[in-house]
Amino acid sequence: MKKISTPYTFSFKIFPFLFFGFLVVIFSLMLMAGALKETPMLVVVPCAMAAIGYFLMKMVLGNLVDEVYDCDDFLLVRKGGAEERIPLSDIINVNFAMNQRPARITLTLASPGKFGREISFSPPPEIHLNPFLRNEIAEELIARAHKARSEHH
């Protein structure tokens, strides 16, 4: 059993608290300094930042699972306290988004499971100079899922 997802999922969970905590501190400082009495429109800025930040985080981080383990003929996926075994033969597509941060691999399943029809996870970070280099984990999953589907049918 080999972990193929990033070991840094805690940062995905901590970042929203840091971001919104920063906004609360800024808003509190503005209240204490009396800036809101002089310019009430200043309320709009932290509120807009909070709303935009919430939707961006929901869009980028909201659908990422916590852990993915490669167990040879299936993947073990965990999110929160739930886990699911996904046979490689059930994976119909593997997509690697290299231009997105955090980088993500999205698996499309033939039939929806606990986590839906698509499962996204962030692979371990790679350091390389070529921005067009393919992800080894994604490439290997593509080949193994194709082989498992052809053997299954």
(message) Looking at segment 3-39 only, could you name the residues that are of a type in the set (D, E, K, R) and modelled with pLDDT of 85 or more?
(response) 3
(message) Every residue in segment 67-81 that is at pLDDT 90 or above and within 16 Å of the chain's Cα centre (by Cα), please.
(response) 67, 68, 69, 77, 78, 79
(message) Out of the residues in segment 76-102 meeting the condition of being aliphatic (A, V, I, L, M) and in contact (Cβ under 8 Å) with a residue 40 or more places away in the chain, tell me which one is farthest from residue 6 (Cα to Cα).
(response) 92
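Please enumerate the residues belonging to segment 40-54 that are surrounded by fewer than 13 Cβ atoms within 10 Å (Cβ to Cβ) and in contact with a helix residue (DSSP H, G or I) (Cβ under 9 Å, 6 or more places away or on another chain). Full working, then the answer.
Of all residues in segment 40-54, those surrounded by fewer than 13 Cβ atoms within 10 Å (Cβ to Cβ) come to 40-41, 44, 47-48, 51-52.
Passing the criteria: only 47.
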(request) List every residue pair whose Cβ atoms sit under 6 Å apart, with the two residues 6 or more apart in sequence or on different chains, where the first one lies in segment 3-21 and is surrounded by 16 or more Cβ atoms within 10 Å (Cβ to Cβ) and the second, anywhere, is part of a loop (DSSP other than H, G, I, E, B). (result) 6/122; 6/124; 9/66
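Has segment 124-137 got any residue that is over 15 Å from the mean Cα position of the chain (by Cα), surrounded by 14 or more Cβ atoms within 10 Å (Cβ to Cβ) and farther than 23 Å from residue 14 by Cβ? Give the steps one after another, and end with the answer.
Filtering segment 124-137 for residues over 15 Å from the mean Cα position of the chain (by Cα) gives 126-137.
If we keep only those that are surrounded by 14 or more Cβ atoms within 10 Å (Cβ to Cβ) too, we end up with 135, 137.
Right, trim to farther than 23 Å from residue 14 by Cβ and you get 135, 137.
Yes: segment 124-137 contains one or more residues that are over 15 Å from the mean Cα position of the chain (by Cα), surrounded by 14 or more Cβ atoms within 10 Å (Cβ to Cβ) and farther than 23 Å from residue 14 by Cβ.
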(request) Please determine, by comparing only the residues of segment 97-113 that are more than 12 Å from the chain's Cα centre (by Cα), within 21 Å of residue 12 (Cα to Cα) and surrounded by 11 or more Cβ atoms within 10 Å (Cβ to Cβ), which one is modelled with the highest pLDDT. (result) 107
(request) Looking only at segment 23-38, count how many residues are more than 26 Å from residue 13 (Cβ to Cβ) and surrounded by 11 or more Cβ atoms within 10 Å (Cβ to Cβ). (result) 4
(request) Under 8 Å between Cβ atoms, at least 6 apart or on separate chains: pull out the pairs that start in segment 117-129 with a residue that is modelled with pLDDT of 90 or more and end on any residue that is in a strand (DSSP E or B) and small (Gly, Ala, Ser). (result) 117/111; 119/113
(request) Within segment 55-93, work out how many residues are within 29 Å of residue 20 (Cβ to Cβ), of a type outside the set (Lys, Arg) and exposed (fewer than 14 other Cβ atoms within 10 Å of the Cβ). (result) 7
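The values are calculated or read from the model by the stated rules, or taken from the named source; none is laboratory data. Treat the numbers as computed from the prediction; the structure is a model and nothing was measured. Glycine also receives a Cβ, built like all others from the backbone with ideal geometry; neighbour counts cover every protein chain displayed.
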